[in-house]
Amino acid sequence: MDIIVCVKRVPDTSEADLAIDKGGKDIQKGGLDYDINDWDRFAIEEAVLIKEKTGGKVTVVTVGDEDAEEMLREGLARGADEAFLLWDESFEGSDGYATAHILAAFLKQRSYDLVLTGTLADDDCGGQFGGMLAAMLGVPVATLVHKIEVKNGSITVRRELEAGLSERLDIDLPAVVSVATGINEPRFVSIRAVRKVASIEIPTVDRGELGLDEADVGSAGAKVEIEKVFLPPEGEGAEIIAGSPADAAARLAEILKEKGGIA
Amino acid sequence: MTLLEPADVPLAGISAPIVAAAVLLAAIAIFSYVMLRRIQLLRAVLPDPRFSEIGRRIWLAIVYGFGQARQPRYLGAGIMHILLFAGFVILSLRSLTLIGRGFSSGFHLPLMTGSVGFAYEVLKDYVVLMVLVVCIVAMVRRAVFKPARYQHTGTSKGHGAEAYVILGMVSALMITDMIYDGSALAVGGHTSGAALFPAASLGAAFMGAASQSTLSVLHVAGYWAHILVFFTLLNYLPISKHFHVITAIPNVFFAKLNKGGIKPVRWGVDDWMELEECGVGRFEQFTWKHVLDFYSCADCGRCSDNCPAATVGRALSPRMISIKARDYVYEHYPVFSANKDPDDKPFTGNIVTEQEIWACTTCGACEQECPIFIEYIDKIVDMRRYLVEQGEMPVSLQKPLQQIKKKGNAYGATKTKRAEWTKALEGIQVKELQPGDATDTLFFVDSCGSFDPRIQEISKSFARILHRSGVEFGILGKDETDSGNEIRRLGEEGLFEQVSSKNIEAFQAREFREIVAFDPHAFNVIRNDYPVKFPVTHASQMLARFLEQGRITLKGNYLAGRLVTYHDPCYLGRHNGVYNEPRAVLGRIPGMHLREMHRSFTRSFCCSGGGPLLWYENEEEKERMGERRVKMAAEIGAQVIVTACPFCLINLEDAVKTTGNEGKIEVIDLVELVDRYLA
């Protein structure tokens with residue numbers, strides 16, 4: 001089974017002190033460390049696990065500049081067979097829609113049985129990409145998938161719903177599946193594993209090769225326009241409890257009792 | 001009256017010397033062949049340079065091999081073993097003599113005549129009786145008292161019966177000797193009496209009522225039985241767990257000399273990154289010394305008895321690694337049939353499971369305890385290297401390692417903030433050394449001291465002490481990277497090379513007299529693993545020196561009469577032999593009441609490990625190691641646990657809370673304690 005995995009490079013904001021960019025439409029990304037979107041790691045692992053069972057080929061692809069190459073190389077170290085970097089200066093400023101457009105153009109040029117991706121990206125949390133990509137390709141889609149079973153020409157997937165519910169779908173191939181974290185345990189990628197795939201060439205594919213109009217990509221092709229990015233204003237009723245841990249705990253218990261949080 | 005000697009009595013019409021020659025030749029031939037097969041495997045596996053520093057090795061062999069110096073760590077069993085070993089050495093002359101007596105009735109070894117020969121005869125007779133008594137006690141001990149450390153864990157076939165076989169055979173050797181000599185005594189050959197020949201006399205007493213013809217049969221039969229048992233025993237050794245009788249002393253001679261360090265991925269290879277495979281996945285990827293270790297394990301269980309992982313219920317039992325590996329050898333490299341193809345399944349992950357491999361904290365208690373210096377840490381690290389290459393790594397450890405890869409620390413913090421902790425110091429400006437700067441002392445803070453809020457307190461205390469001492473010092477700040485001690489021990493060699501080379505580069509770009517670290521893990525890795533050597537000191541050693549030189553003086557009453565105990569960190573004590581300096585510092589603290597825990601010094605009990613191991617979650621353990629340790633402190637009534645390692649501090653502080661000892665026991669780092677007493 002040939003599987004193409006779409007991945008995204010995102011800034012690690014977990015331990016960073018975030019500040020708003022001068023333009024007011026983005027955060028300052030200068031000092032941030034970047035890594036693969038965590039959800040996409042699970043997508044690559046799932047693709048490699050399926051390949052190990054059924055044979056075939058795994059391709060990793062992203063829309064991004066040369067800085068994204070390291071992430072793709074890590075995808076190769078995880079067991080993917082080839083990787084592509086889709087980049088053109090005109091791609092700058094793509095939103096989920098424009099990105100889906102670029103990747104749809106890439107996918108239409110290739111044969112595949114399954115497209116995997118993470119359900120969300122850790123940076124903007126749009127969650128639109130998988131669905132839009134499937135619509136553009138005209139293939140079925142399933143999101144938040146936490147289990148995939150491969151049948152002959154189709155797959156059975158389980159989707160994670162709220163309140164612990166699970167939904168089972170039988171889907172014809174080709175299809176787009178966006179996975180949930182926890183679908184597997186992504187393998188550890190050692191420095192040596194990355195070094196071992198150092199000689200594999202990662203081709204860059206530009207807009208011309210994808211046959212895309214400048215108007216369909218980048219900020220020109222984006223459907224979402226960000227007006228303003230700002231830190232949430234301090235809300236009413238928020239209280240920071242000061243004092244020793246013992247005092248703070250006592251105060252917290254008091255509040256919880258007061259507000260009816262505990263009986 | 002004398003009896004006919006065995007050499008003079010034909011057996012089934014064949015002259016005795018011919019029988020003796022046939023038995024000797026057959027036995028030697030079989031033994032040589034078996035040994036050859038065993039040595040063939042040693043030659044087939046990977047190289048390991050163990051011929052350096054011959055003088056030191058001979059000394060080890062004398063002290064720990066012939067001298068059995070580690071045996072008394074288990075007093076009862078140790079004394080029994082020393083007696084058996086002494087008997088073995090003394091009676092080896094007797095055995096050679098007896099073999100010779102098959103050829104000639106008057107045979108004796110050179111110089112063994114006259115009064116020397118007589119004295120030896122007397123000595124030998126006492127030793128025979130002693131060995132017999134020890135064997136009986138050993139069998140009773142095993143059968144009746146069943147010491148827990150002899151029990152096997154896991155799925156091994158068990159080798160308990162082998163102990164009885166060997167003890168039985170040794171007893172049989174003694175008894176046949178007593179029959180051989182006793183029958184002669186009973187006939188009246190000797191008149192010197194029971195005081196000189198107690199074993200023979202005892203034998204004679206049992207045979208006292210026998211007729212002379214029975215005695216002559218017993219004399220010859222006792223002799224041949226002795227010879228047959230002797231050669232059977234000799235040939236049983238290399239096919240059983242008693243191979244150590246032959247291999248133990250060589251194993252001590254070839255012991256690892258660079259304690260604290262980890263072996264390279266492969267000896268004799270310049271660029272391990274170019275290797276097809278890395279680490280030990282297949283059995284044949286162990287080094288010959290590691291296979292010799294497997295041959296040599298006597299299954300005494302002392303390693304596992306002291307293993308903290310085994311103690312708290314993790315899947316690891318170090319000796320089972322040796323036992324299972326030797327079972328694997330005996331099965332796949334049999335003596336009398338062709339080598340078996342290795343199974344489809346690799347050794348690592350199947351024979352030794354992943355749970356066993358990740359359960360180890362590399363504390364070194366097992367290696368410290370082994371009477372014959374069997375190594376475990378290097379093997380476990382080699383197996384981890386293989387697993388890491390396969391992408392296997394406990395989930396809880398992946399994140400911290402990824403963070404180190406991206407940011408140079410497991411805390412996920414930005415490296416530009418590495419010196420941030422110094423801002424909270426009042427009145428002290430800690431110098432962040434830039435490339436080209438020079439100072440006296442380079443304080444290596446490491447990630448934990450830079451980013452962990454609790455450990456930052458130790459960093460601050462140490463900066464205050466350094467400041468007070470008047471020593472010029474500085475830190476690397478943003479140019480510092482995680483020291484990498486655990487990274488290497490978790491098998492991620494590539495990442496270790498990455499972080500160590502960054503630190504080495506930072507060291508080389510600055511001038512200093514020495515590096516100091518309060519984290520023993522950092523101290524250890526810089527001292528024993530970094531490919532470029534720098535003078536490095538642990539904070540406890542520096543504090544001892546400062547006090548000695550009068551650079552700092554201590555005053556105050558922080559402890560207020562509380563009972564103190566000292567917890568030896570594994571990477572300070574066992575791996576680097578620093579036991580006395582921390583205690584010397586404690587001795588200088590006014591009003592110190594120190595009491596040692598039952599497990600201290602070389603027998604200290606690991607608190608569950610440092611570096612990224614702080615994040616490691618183990619599903620099998622029933623209790624945290626730190627909790628076990630805090631209970632040991634509570635047992636002796638300690639109210640303060642002083643340690644000299646930030647990770648011990650964190651683990652023990654947590655354990656004080658979870659064992660309900662909060663408010664009763666305080667955990668404090670030696671550096672912090674000294675800071676409290678700065679005059």
Exercise. Within segment B:155-173, identify whether any single residue is of a type in the set (Phe, Trp, Tyr), within 33 Å of the chain's Cα centre (by Cα) and modelled with pLDDT under 90, and answer yes or no.
Key: no
Exercise. Mind listing just one residue for me: the one in segment B:610-651 that is touching a residue at least 60 places away in the same chain (Cβ under 8 Å) and β-branched (Val, Ile, Thr) and, of those, farthest from B:ALA560 (Cα to Cα)?
Key: B:ILE650
Quiz item: Within the group B:SER540, B:SER608, which residue is under 27 Å from B:GLN355 (Cα atoms) and either among the acidic types (Asp, Glu) or buried (at least 20 other Cβ atoms within 10 Å of the Cβ) (or both)?
Solution: B:SER608
Self-check item: Selection count where residues are buried (at least 18 other Cβ atoms within 10 Å of the Cβ) and among the β-branched types (Val, Ile, Thr), scope segment B:84-98
Solution: 1
Self-check item: The lone exception for B:LYS460 - which of (1) in the same structural domain as B:ALA509 (by TED's automatic domain parsing); (2) in contact with a His (Cβ under 7 Å, 6 or more places away or on another chain); (3) part of a helix (DSSP H, G or I) it fails
Solution: (2)
Practice problem: Could you figure out which of (1) more than 14 Å from chain A (Cβ to nearest Cβ); (2) touching a residue at least 40 places away in the same chain (Cβ under 8 Å); (3) open to solvent by 20 Å² or more (accessible area, probe 1.4 Å) isn't true of B:GLN429? | Solution: (2)
Quiz item: Among the residues of segment B:392-404, which ones are more than 7 Å from chain A (Cβ to nearest Cβ) and not in a loop (DSSP other than H, G, I, E, B)?
Solution: B:SER396, B:LEU397, B:LYS399, B:PRO400, B:LEU401, B:GLN402, B:GLN403, B:ILE404
Quiz item: If you go through segment B:382-391 one residue at a time, do you hit one that is among the hydroxyl-bearing types (Ser, Thr, Tyr), within 14 Å of chain A (Cβ to nearest Cβ) and part of a helix (DSSP H, G or I)?
Solution: yes
Quiz item: Could we say that B:ASP293 is within 30 Å of B:ILE62 (Cα to Cα), in a helix (DSSP H, G or I) and either assigned by TED's automatic domain parsing to the domain that holds B:MET130 or open to solvent by less than 50 Å² (accessible area, probe 1.4 Å) (or both) here?
Solution: yes
Quiz prompt | Single residue of segment A:19-45 satisfying the filter (within 12 Å of chain B (Cβ to nearest Cβ) and outside any helix (DSSP H, G or I)) that is surrounded by the most Cβ atoms within 10 Å (Cβ to Cβ) | solution = A:ILE36
Quiz item: Applying the selection to segment B:307-323, what residues are open to solvent by 10 Å² or more (accessible area, probe 1.4 Å) and not in a loop (DSSP other than H, G, I, E, B)?
Solution: B:ALA310, B:THR311
Self-check item: Conditions (1) touching a helix residue (DSSP H, G or I) at 6+ places or on another chain (Cβ under 9 Å); (2) more than 14 Å from every other protein chain (Cβ to nearest Cβ); (3) open to solvent by 50 Å² or more (accessible area, probe 1.4 Å); number of the one not met by A:ALA180
Solution: (3)
Quiz item: Looking at segment B:483-521, which of the residues that are of a type in the set (Ser, Thr, Tyr) and buried (at least 20 other Cβ atoms within 10 Å of the Cβ) is nearest to B:GLU472 (Cα to Cα)?
Solution: B:SER483
Exercise. Go through segment A:209-231 and give me each residue that's in contact with a Lys or Arg (Cβ under 8 Å, 6 or more places away or on another chain) and either among the charged types (D, E, K, R) or not in a loop (DSSP other than H, G, I, E, B) (or both).
Key: A:GLU214, A:GLU227, A:LYS228
Exercise. Read through the list (1) within 14 Å of chain A (Cβ to nearest Cβ); (2) within 16 Å of B:ILE515 (Cβ to Cβ); (3) in a loop (DSSP other than H, G, I, E, B), then give the number of the only condition that B:LYS502 fails.
Key: (3)
Quiz item: Residues in segment B:625-636: is at least one small (Gly, Ala, Ser), surrounded by 16 or more Cβ atoms within 10 Å (Cβ to Cβ) and in contact with a strand residue (DSSP E or B) (Cβ under 7 Å, 6 or more places away or on another chain)?
Solution: yes
Practice problem: Search segment A:220-257 for residues being acidic (Asp, Glu) and at pLDDT below 85, and hand back the single one that is least open to solvent (accessible area, probe 1.4 Å). | Solution: A:GLU239
Quiz item: What about B:ALA7, is it open to solvent by less than 30 Å² (accessible area, probe 1.4 Å) and at pLDDT 95 or above?
Solution: no
Quiz item: Can you tell me how many residues in segment A:1-18 are acidic (Asp, Glu), open to solvent by less than 60 Å² (accessible area, probe 1.4 Å) and within 14 Å of chain B (Cβ to nearest Cβ)?
Solution: 1
Quiz item: Quick check: is even one residue across segment A:110-133 among the small types (Gly, Ala, Ser), in a helix (DSSP H, G or I) and more than 17 Å from the chain's Cα centre (by Cα)?
Solution: no
Quiz item: Out of curiosity, is B:ALA138 surrounded by 18 or more Cβ atoms within 10 Å (Cβ to Cβ) and closer than 18 Å to B:LEU233 by Cβ?
Solution: yes
Exercise. Considering only segment B:106-126, state which residues are surrounded by 16 or more Cβ atoms within 10 Å (Cβ to Cβ) and either in contact with a His (Cβ under 7 Å, 6 or more places away or on another chain) or under 16 Å from B:HIS226 (Cα atoms) (or both).
Key: B:LYS124, B:ASP125
Self-check item: Candidates B:LEU129, B:LEU111, B:LEU60, filtered to the one that is part of a helix (DSSP H, G or I) and out of contact with any Pro (no Cβ under 8 Å at 6 or more places or on another chain)
Solution: B:LEU60
Quiz item: In segment B:638-678, what count of residues is obtained for those that are touching a strand residue (DSSP E or B) at 6+ places or on another chain (Cβ under 6 Å) and open to solvent by 40 Å² or more (accessible area, probe 1.4 Å)?
Solution: 3
Quiz item: For segment A:52-81, what are the residues that are within 16 Å of A:LEU114 (Cα to Cα) and open to solvent by 40 Å² or more (accessible area, probe 1.4 Å)?
Solution: A:GLU52, A:LYS53, A:THR54, A:GLY56, A:LYS57, A:ASP81
Exercise. Would you confirm whether any residue within segment B:455-476 is open to solvent by 10 Å² or more (accessible area, probe 1.4 Å), touching a Ser or Thr at 6+ places or on another chain (Cβ under 7 Å) and either within 12 Å of chain A (Cβ to nearest Cβ) or hydrophobic (A, V, I, L, M, F, W, C) (or both)?
Key: yes
Quiz item: Out of B:GLY65, B:GLY55, which single residue is open to solvent by 30 Å² or more (accessible area, probe 1.4 Å) and of a type in the set (Gly, Ala, Ser)?
Solution: B:GLY55
Self-check item: Selection count, segment A:112-152, where residues are closer than 12 Å to A:ASP172 by Cα, open to solvent by 30 Å² or more (accessible area, probe 1.4 Å) and touching a residue at least 40 places away in the same chain (Cβ under 8 Å)
Solution: 2
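The values are calculated or read from the model by the stated rules, or taken from the named source; none is laboratory data. Note that the structure is predicted; figures quoted are calculated from it, not measured. Cβ atoms come from the backbone with ideal geometry, glycine included; neighbour counts cover every protein chain shown. Areas reflect the complete protein model, heavy atoms only, side chains present, ligands, DNA and RNA absent. Shrake-Rupley method; radii C 1.70, N 1.55, O 1.52, S 1.80 Å.
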